[in-house]
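Asks: I have a structure I would like to understand better, so I am pasting it below and will then ask my questions one at a time.
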Amino acid sequence: MDPVCSSGEVSSIPAPSGSRLSDDELAAQIAEGAGRLLLGVRHGGLLDGRLIGDAGDQLAQAWIGAVLRRRRPRDAVLSEEAEDVGDRSTAERVWIIDPLDGTSEFSYGTADWAVHVALTEGGRPTAAAVSIPARGELYRSDEVDTVGGPLTGRIAVSRFGGSYESAHVANQLGLQRVSIGSAGAKAMAVVRGDVDAYVHSGGQYEWDNCAPVGVCEAAGLHCSRLDGSEIRYNQRVPYMPDFVICRREIADDVLAALDAVW
């Protein structure tokens with residue numbers, strides 16, 4: 001099933017009547033619902049600048065937190081916008097959330113912002129959803145198609161130009177650089193097949209990339225640290241300094257290029 005609705009709008013995902021939502025369904029509904037709330041925050045241009053970003057962060061976090069308390073009260077939660085819920089060091093299940101990935105893009109009125117929702121078990125994402133509300137897109141790890149088709153010869157970089165590592169990969173592999181806003185938007189560009197790779201080395205936190213990595217892995221993409229090692233989540237210090245997401249056809253070449261500078 002294609003994650004992007006043919007109408008260009010996110011379809012409604014009805015909750016099963018009288019039954020417990022699966023983790024995949026819950027992740028998708030949270031990502032979709034928070035996205036709708038955030039679109040409402042931007043309605044009419046009634047807020048702007050830092051005010052709209054702060055309002056979006058706070059509103060989305062409050063709603064997501066309430067949903068998880070109601071639907072998964074025994075699970076721990078790690079979020080960018082709130083204190084930890086539960087003891088992550090002992091919890092078997094930890095939700096890692098970014099209620100608004102790309103606050104500056106959201107504030108400036110662009111479409112390159114996202115909502116990240118992922119459940120991790122044993123340090124790995126087992127259910128993940130990323131919504132890009134301004135584009136009407138919802139990506140679910142349980143329904144995303146495997147990425148295929150011809151390579152594009154392009155790499156996603158930040159709107160500020162990207163890092164030395166991403167520039168080196170682009171030069172070594174002859175990839176055209178495409179500026180895209182938030183981390184989620186960059187990662188989903190690889191899932192859509194708009195670009196072949198996303199290399200990050202400037203430092204992030206787990207909530208910045210956990211849900212995108214969960215969706216990308218489900219889509220058959222290569223995901224690792226820049227040295228090729230496995231990405232692990234729910235670490236004591238949730239800092240994620242680097243990672244690469246790319247088409248498997250070029251993964252060896254990307255890692256070889258990174259090995260020369262990393």
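The values are calculated or read from the model by the stated rules, or taken from the named source; none is laboratory data. All values derive from a computational prediction rather than experimental measurement. Here Cβ is always computed from backbone atoms with ideal geometry, including for glycine, and neighbour counts include all displayed protein chains. Each accessible area value is taken on the protein alone, full model and side chains, heavy atoms only, with ligands, DNA and RNA left out. Shrake-Rupley method; radii C 1.70, N 1.55, O 1.52, S 1.80 Å.
Asks: Condition first: touching a residue at least 60 places away in the same chain (Cβ under 8 Å) and open to solvent by 30 Å² or more (accessible area, probe 1.4 Å). Can you find one or more residues in the stretch 40-54 that meet it?
Replies: The answer is yes; a qualifying residue exists.
Asks: Charged (D, E, K, R), in contact (Cβ under 8 Å) with a residue 40 or more places away in the chain, farther than 15 Å from Leu39 by Cβ and not in a strand (DSSP E or B): is that true of Arg88 in this structure?
Replies: It is true that Arg88 is charged (D, E, K, R), in contact (Cβ under 8 Å) with a residue 40 or more places away in the chain, farther than 15 Å from Leu39 by Cβ and not in a strand (DSSP E or B).
Yes/no matrix, rows are residues, columns are (1) surrounded by 23 or more Cβ atoms within 10 Å (Cβ to Cβ); (2) under 14 Å from the mean Cα position of the chain (by Cα); (3) more than 25 Å from Ile96 (Cβ to Cβ); (4) hydroxyl-bearing (Ser, Thr, Tyr):
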| site | (1), (2), (3), (4) |
| --- | --- |
| Leu138 | yes, yes, no, no |
| Gly149 | no, no, yes, no |
| Thr152 | no, no, yes, yes |
| Ile155 | yes, no, yes, no |
| Tyr164 | no, no, yes, yes |
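Asks: Kindly indicate whether Tyr108 is in contact with a Pro (Cβ under 6 Å, 6 or more places away or on another chain) and either at pLDDT 95 or above or within 20 Å of His43 (Cβ to Cβ) (or both).
Replies: So Tyr108 does not fit the description; no.
Asks: Which of the helices (runs of 4 or more DSSP H) found entirely inside the stretch 145-262 contain at least 3 residues meeting this: modelled with pLDDT of 95 or more, farther than 19 Å from Pro125 by Cα and not acidic (Asp, Glu)?
Replies: Filter on the stretch 145-262 gives 164-173, 251-259.
Asks: Please find, within the stretch 13-39, the residue that is most open to solvent (accessible area, probe 1.4 Å) out of those that are small (Gly, Ala, Ser) and modelled with pLDDT of 95 or more. Working first, answer last.
Replies: Narrowing the stretch 13-39 to residues small (Gly, Ala, Ser): 15, 17-19, 22, 27-28, 31, 33-35.
Checking the rest, the ones that are also modelled with pLDDT of 95 or more come to 22, 27-28, 31, 33-35.
Details: Ser22: 48, Ala27: 0, Ala28: 0, Ala31: 0, Gly33: 16, Ala34: 0, Gly35: 2 Å².
Among those residues, the one meeting the criterion is Ser22.
Asks: Within the stretch 238-252, is even one residue among the basic types (Lys, Arg), over 27 Å from Tyr108 (Cα atoms) and surrounded by fewer than 23 Cβ atoms within 10 Å (Cβ to Cβ)?
Replies: Taking every residue of the stretch 238-252 in turn, at least one turns out to be among the basic types (Lys, Arg), over 27 Å from Tyr108 (Cα atoms) and surrounded by fewer than 23 Cβ atoms within 10 Å (Cβ to Cβ).
Asks: Residues of the stretch 55-84 being touching a Ser or Thr at 6+ places or on another chain (Cβ under 8 Å) and either modelled with pLDDT under 95 or open to solvent by 20 Å² or more (accessible area, probe 1.4 Å) (or both), which ones? Lay out the reasoning, then the answer.
Replies: Filtering the stretch 55-84 for residues touching a Ser or Thr at 6+ places or on another chain (Cβ under 8 Å) gives 56-57, 61, 64-65.
Gln61 - this is the single residue of the stretch 55-84 that is touching a Ser or Thr at 6+ places or on another chain (Cβ under 8 Å) and either modelled with pLDDT under 95 or open to solvent by 20 Å² or more (accessible area, probe 1.4 Å) (or both).
Asks: Looking only at the stretch 213-257, filter to residues that are without any contact (Cβ under 8 Å) to a residue 12 or more places away in the chain and of a type in the set (D, E, K, R); which one of those is nearest to Asp196 (Cα to Cα)?
Replies: Going through the qualifying residues, I end up with Asp252.
Asks: Take the conditions over 18 Å from Arg247 (Cβ atoms), of a type outside the set (Phe, Trp, Tyr) and part of a loop (DSSP other than H, G, I, E, B) and apply them to Ala111. Does it pass? Full working, then the answer.
Replies: Details: over 18 Å from Arg247 (Cβ atoms): yes; of a type outside the set (Phe, Trp, Tyr): yes; part of a loop (DSSP other than H, G, I, E, B): yes.
So Ala111 fits the description; yes.
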